[in-house]
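The values are calculated or read from the model by the stated rules, or taken from the named source; none is laboratory data. What you see is a predicted model, and the numbers here were worked out from it, not measured in a lab. Quick reminder, even Gly has a Cβ in these numbers, built from the backbone with ideal geometry, and neighbours come from all protein chains shown. Just the protein is used for accessible areas: all its heavy atoms, side chains included, with ligands, DNA and RNA removed. Shrake-Rupley method; radii C 1.70, N 1.55, O 1.52, S 1.80 Å.
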Amino acid sequence: MAFRKADWPRRLRSTEWFGGSSRDHIYHRSWMKNQGLPADLFDGRPVIGICNTWSELTPCNAHLRDLAERVKHGIYEAGGLPVEFPVFSTGESTLRPTAMMFRNLAAMDVEEALRGNPLDGVVLLAGCDKTTPALLMGAASVDIPAILVSGGPMLNGWFRGERVGSGTALWQMSEAIKAGTMSREDFLEAEQAMSRSPGSCNTMGTASTMASMAEALGMALSGNAAIPAVDSRRRVMAHLTGRRIVEMVKDDLKPSDILTRRAFENAIRVNGAIGGSTNAVIHLLAIAGRVGVDLTLDDWDRLGRDVPTIVNLMPSGRYLMEEFFYAGGLPVVVRRLGEAGLLHKDALTVSGGPIWDEVKDVRNWNEDVILPAERALTAQGGIAVLRGNLAPGGAVLKPSAASPHLMRHRGRAVVFEDIDDYKAKIADETLDIDETCVMVLKNCGPKGYPGMAEVGNMGLPPKVLRKGITDMVRISDARMSGTAYGTVVLHAAPEAAAGGPLAIVRDGDMIEIDVESRRLHLDVPEAEIAARLAAWTPTVAPPAGGYARMFAEHVQGADTGADFDFLRGSRGKAVPRDSH
Ligand code: FES
């Protein structure tokens, strides 16, 4: 039976603003009417916000104004009143020092905009990496009916007959330049082929992963994640989403009804099956923190461990989001998990029904793109959570993007104190490093950078690349782009800038990594480690002021989602008092 928690018609939240004849009611209505809205639109119908992360500085979201119009069509059609508003947009490719530093700021913007305005429900328009979690976090903390529609991925890039995957190709080509196997002219020519349509990264990077997470969590309509940005069906999806939110308001179907522990467990398994980004770990932990679901890093390891990666997309595989859509998209993956007993079939979605009802009849149209289990990219997908004296709070690694021969490795540490130290040394031909070494990067965690930049997949030294070597073990407290690859240990917690053990690693120390046993070990006597930690003093100066200072003072560790300490939990939709 479809979800229905409240009778309809009933008095809505927006009626507090618009439904009466007092001075304040007239004030609220009259000013809205300067936009040409007829009086009967204020008759108690659902007022639906369209929370838009459109920005020309977030190129992946630059087409969202058009999509918002399609959402409006659906809202009007279903009897609601749409009101579009902008929120802070975090453009991954442009925003410095890193878009991640502004995810929490955007989430605050969303939360306060939803709470302070006369909204009964909201459609969240997202695309580029951090925009999706920011919107979900903000909406979860207010807990009015909310549904997400993604901008959709770019069309495939093509260069000289080969697919060009957003980000992935950029990392590969920049390494090829350093190795001397690609010319600068060819690189510039490839640039023209990388981003050939509106939309977000076309690989299974963070944007595609988070769109998939939103769908797997039940916060978007089934099929939302993969439709290309420029496909007419993306507009249809926006239109249907507009229709659906009006019904969700009538039924009082809220994020807290959908974002249950079972929903997060489904999403974690879906992430394993799609070979999703390590960034999903941080974002889902943060979203869970907003709704009081006690999700941990160990849940990621436990639930994802037996999930084969069956989606053959870059960076782990071969294809791109366009082909994923043609193959059937995420619903096929969810169905496969259900058939394998790896899905909570009864988890509620924005549809008002269980997730299984949405996927049980879908078909896989291309078994090279969505692989049978026996041809999985890796039998154990998901995210491996490593622990040991180097990361007692945990560190993550994406097995599907790593090199099998490095999953168990012992090597000599070559340490970079921060990203500037790395940049200064890495091309130095006298640097004492070879492919057996373990590259260690410090002070790039949430407080250290600040913002936790995507620099964990630091490029290899040119002299190693010239030997034809393409991967080495790398360890840091940083993140890695979802489009990146390699045997890269990320999010080491506690981070170096907070005095975590990563801070005291020295050149020449031996480090052991064993992914199978989830071990990350600094092979230095415990007494020596204790002495080094006791002598450690902070090396990262706190930001002088502004938002960066608030960020550094309040951001929590990557192992709990890097949310602000004062933002965890839901604060509800009640507004303390009116403004007049
Ligand atoms: Fe925006 Fe990749 S840079 S989605």
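Below, the figures for the structure above:
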item	result
Index of the failed condition, T98 passing every other in (1) within 16 Å of the ligand (Cβ to nearest atom); (2) of a type in the set (S, T, Y); (3) over 30 Å from H283 (Cα atoms)	(3)
Some residue of the stretch 238-257 being surrounded by fewer than 22 Cβ atoms within 10 Å (Cβ to Cβ), without any contact (Cβ under 8 Å) to a residue 40 or more places away in the chain and not aromatic (F, W, Y)	no
Matching residues, the stretch 188-199, being in a loop (DSSP other than H, G, I, E, B), away from the ligand (no atom under 11 Å from the Cβ) and polar (S, T, N, Q)	S197
L155 being assigned to a loop (DSSP other than H, G, I, E, B), closer than 30 Å to G20 by Cα and either out of contact with any strand residue (DSSP E or B) (no Cβ under 9 Å at 6 or more places or on another chain) or not small (G, A, S) (or both)	no
Count of the stretch 188-199 residues which are surrounded by 14 or more Cβ atoms within 10 Å (Cβ to Cβ) and in contact with a strand residue (DSSP E or B) (Cβ under 8 Å, 6 or more places away or on another chain)	6
Verdict on G79 being part of a loop (DSSP other than H, G, I, E, B) and within 16 Å of the ligand (Cβ to nearest atom)	no
Index of the failed condition, A427 passing every other in (1) touching a Ser or Thr at 6+ places or on another chain (Cβ under 6 Å); (2) closer than 22 Å to T181 by Cα	(1)
Filter pass, L520 being under 20 Å from the mean Cα position of the chain (by Cα), surrounded by 23 or more Cβ atoms within 10 Å (Cβ to Cβ) and under 21 Å from D418 (Cα atoms)	no
Residue in the stretch 78-100 that is among the small types (G, A, S) and touching a strand residue (DSSP E or B) at 6+ places or on another chain (Cβ under 6 Å) present	yes
Number of the condition not met by S476 [criteria: (1) modelled with pLDDT under 95; (2) buried (at least 24 other Cβ atoms within 10 Å of the Cβ)]	(1)
Residue selected from the stretch 38-61 under the condition out of contact with any strand residue (DSSP E or B) (no Cβ under 7 Å at 6 or more places or on another chain) and within 17 Å of G121 (Cβ to Cβ), by the criterion nearest to the ligand (Cβ to nearest atom)	F42
Residue among A424, A347, A373 that is touching a Gly at 6+ places or on another chain (Cβ under 7 Å) and either small (G, A, S) or buried (at least 23 other Cβ atoms within 10 Å of the Cβ) (or both)	A347
Check on N202, modelled with pLDDT of 95 or more, within 16 Å of the ligand (Cβ to nearest atom), surrounded by 24 or more Cβ atoms within 10 Å (Cβ to Cβ) and within 20 Å of N457 (Cβ to Cβ)	yes
Qualifying residue in the stretch 68-76 (condition: closer than 18 Å to P153 by Cβ, within 13 Å of the ligand (Cβ to nearest atom) and not hydroxyl-bearing (S, T, Y))	no
Residue check, A2 farther than 30 Å from D477 by Cα and modelled with pLDDT under 95	yes
Given (1) closer than 30 Å to R568 by Cβ; (2) within 16 Å of the ligand (Cβ to nearest atom); (3) part of a loop (DSSP other than H, G, I, E, B), index of the condition R103 fails	(3)
Residue count for the stretch 45-62, restricted to those that are out of contact with any Phe, Trp or Tyr (no Cβ under 8 Å at 6 or more places or on another chain), surrounded by fewer than 24 Cβ atoms within 10 Å (Cβ to Cβ), of a type outside the set (S, T, Y) and part of a loop (DSSP other than H, G, I, E, B)	4
Answer from E175, E185 - the residue that is farther than 16 Å from C60 by Cβ, open to solvent by 60 Å² or more (accessible area, probe 1.4 Å) and either more than 11 Å from the ligand (Cβ to nearest atom) or more than 21 Å from the chain's Cα centre (by Cα) (or both)	E185
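For (1) in contact with a His (Cβ under 8 Å, 6 or more places away or on another chain); (2) part of a loop (DSSP other than H, G, I, E, B), each residue gets a yes or a no:
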residue: G74; (1), (2): yes, no
residue: T94; (1), (2): no, yes
residue: P97; (1), (2): no, yes
residue: E111; (1), (2): no, no
residue: L119; (1), (2): no, yes
residue: L125; (1), (2): no, no
residue: P133; (1), (2): yes, no
residue: I147; (1), (2): no, no
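Conditions tested, residue by residue: (1) within 16 Å of the ligand (Cβ to nearest atom); (2) β-branched (V, I, T).
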{"site": "L397", "(1), (2)": "no, no"}
{"site": "D421", "(1), (2)": "no, no"}
{"site": "D434", "(1), (2)": "no, no"}
{"site": "N443", "(1), (2)": "no, no"}
{"site": "G448", "(1), (2)": "no, no"}
{"site": "G451", "(1), (2)": "yes, no"}
{"site": "K463", "(1), (2)": "no, no"}
{"site": "I469", "(1), (2)": "no, yes"}
